[in-house]
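The values are calculated or read from the model by the stated rules, or taken from the named source; none is laboratory data. Bear in mind that the values here come from a model prediction, so they are computed numbers and not experimental data. Please note: Cβ atoms are built from the backbone with ideal geometry, for glycine as well, and neighbour counts cover all protein chains shown. Areas reflect the complete protein model, heavy atoms only, side chains present, ligands, DNA and RNA absent. Shrake-Rupley method; radii C 1.70, N 1.55, O 1.52, S 1.80 Å.
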Amino acid sequence: MRKKIIRVPIITEWKSFTPTGSWSTNTTYTGKFRRVGDTIQVQVDIATSGAPTAASLTVNLPTGVSLDTNKIAAAVASGTTHFGTAAARDAGNAVYQSLVLYSSATAVQFQTYTTGSLWSETAPFTWGAGDNMYIQFQLPIVGWKSTRRI
């Protein structure tokens, strides 16, 4: 008698990690991620205690994972494919919304809905002490399959 092979989805528990990104000065990153099939789901919080590094903001994926561009319908470099959303709070003044876009196979960047400008130390506002950003996104990952056999 043959054993029946059953395919089940792969879903892991949320794991804490310390994200990194293009801002290193006066910037604290905290994050969590989990695997859902062939996709990584990521949550990142960024807090600034002063002016951050002068650069467009990018956030790196957890170590060892890369975006699988073969699983994306549109060209990732076109600027039309987004993978999630972000919100930034300017120390009690206003909240800004953003799309999470491709930066590289291992990093994402952020673009304002209305203007299309990339976020930097001076956009969508001049970042400083007490400002923070919350990001959530999901991406298909190279080498990950959606199910496993049991």
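At a 1.4 Å probe radius, carbon and sulfur cover how many percent of the accessible area of the chain? Walk me through the intermediate numbers first.
Working: 4280 of 8220 Å².
On the chain, the fraction of accessible area on carbon and sulfur atoms equals 52 percent.
Setting aside same-chain residues fewer than 8 positions from residue 3, which lysines have a Cα under 25 Å from its Cα?
145
Do any trypsin sites (Lys or Arg not before Pro) in region 1-44 lie in a loop, going by DSSP, with at most 13 other beta-carbon atoms within 10 Å of their beta carbon, and if so which? Walk me through the intermediate numbers first.
Working: sites: 2, 3, 4, 7, 15, 32, 34, 35; in loops: 2, 3, 4.
Of the trypsin sites (Lys or Arg not before Pro), the ones in loops of region 1-44 whose Cβ has at most 13 other Cβ atoms within 10 Å are 2, 3, 4.
Note the listed values (1) 28, 19, 15; (2) 33, 16, 12; (3) 24, 18, 15, then indicate which one is semi-axes √(5λ) of the Cα gyration tensor in Å calculated from this particular structure.
Correct label is (2).
Simple spin-label model, 7 Å along Cα-to-Cβ: residue 72 to residue 147 in nm?
Going by the 7 Å Cα→Cβ label model, 2.7 nm.
Quick one: how many Å² of residue 90 are accessible to a 1.4 Å probe, rounded to 10?
For residue 90, solvent-accessible area is about 30 Å².
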